[in-house]
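The values are calculated or read from the model by the stated rules, or taken from the named source; none is laboratory data. Since the structure is predicted, the reported quantities are computational estimates derived from the model, not experimental observations. Glycine gets a Cβ as well: all are built from the backbone with ideal geometry, and neighbour counts include every protein chain shown.
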Protein chains: 2
Amino acid sequence: MSVASEWLDAVKWDAHGLVPAIAQDAATGEILMVAWMNREALAETARTLRGVYFSRSRNRLWRKGEESGHVQNVSEIRLDCDNDVVLLKIEQVGGIACHTGRRSCFFQKYTPTEQGGAWVTTEPVLKNPDEIYK
Amino acid sequence: MSVASEWLDAVKWDAHGLVPAIAQDAATGEILMVAWMNREALAETARTLRGVYFSRSRNRLWRKGEESGHVQNVSEIRLDCDNDVVLLKIEQVGGIACHTGRRSCFFQKYTPTEQGGAWVTTEPVLKNPDEIYK
């Protein structure tokens, strides 16, 4: 399917044809994850109002929740001043955005130590990933 | 200055030695901007609790607010599950994070149209950039 459209041309896709996309909980403002989108992913996200990304590891479109059932209902799509970062406001079905089984991917918090600092895990695993991805 | 430290080694710096960093208003949850950090920028941010980035266009450390006075007081530093995106919770002094004079850089909102869609500006300019950067 062709996805020619001026609003897609306005996005500054990087050398790999991608931009980072932030998924933010529309109700709480919590940042749940950051993934990548190509042109097709953004077009499909806008058309279906479901979070669709491009998986760099699998080199294909990744419809968030296609395995886990944890789809994202998108209520708003924003673009930053440089046209190179997308922001989605979403409802995270199942309440788990992270592949580790946590609500948010940003579960590591910097904590000063005598050695300079450490990343401390602050969020619980809500569901065993083995049970999410069968 | 040497910034050798295990917590900095844990970050997955890209081929250019950078990671994207999201600045989020600590009080409201609003996403204000996304910029890049190198190792020095993250180390200095953690040490000073001020938002410090790496400017790719100027190829040097960028202490946010160094020209505008709009510094960022950092209350929390987080890292995502892949160790390649940083999240800062901040207080934006002056209330303006964007170089366009707007509160947030994410002022363009996708709006469906008959032609497929358009990016519509939704946030006002609070201060003329010419008055911010003298």
Practice prompt. Please work out which one of (1) modelled with pLDDT of 95 or more; (2) farther than 29 Å from B:S57 by Cα is the condition A:A10 fails and give its number.
Written response: (2)
Practice prompt. Being facing another protein chain (nearest Cβ under 10 Å) and of a type in the set (S, T, N, Q) is the filter; apply it to segment A:91-115 and report the residue that is nearest to A:L42 (Cα to Cα).
Written response: A:S104
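Of all strands (runs of 3 or more DSSP E) completely enclosed by segment B:1-90, which ones contain at least 1 residues that are closer than 20 Å to A:G29 by Cα, of a type in the set (S, T, N, Q) and away from every other protein chain (no Cβ under 12 Å)?
Numbers: elements: B:19-25, B:31-37, B:52-55, B:60-63, B:72-79.
Once the strands (runs of 3 or more DSSP E) in segment B:1-90 are filtered for at least 1 residues that are closer than 20 Å to A:G29 by Cα, of a type in the set (S, T, N, Q) and away from every other protein chain (no Cβ under 12 Å), what remains is B:72-79.
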Discussion item. Within segment A:110-134, take every residue that is closer than 19 Å to A:A97 by Cα and among the charged types (D, E, K, R) and give me the one that is surrounded by the fewest Cβ atoms within 10 Å (Cβ to Cβ).
Written reply: A:K134
Discussion item. In contact with a strand residue (DSSP E or B) (Cβ under 8 Å, 6 or more places away or on another chain), at pLDDT below 95 and not hydroxyl-bearing (S, T, Y): which single residue out of A:H99, A:H70 fits that description?
Written reply: A:H70
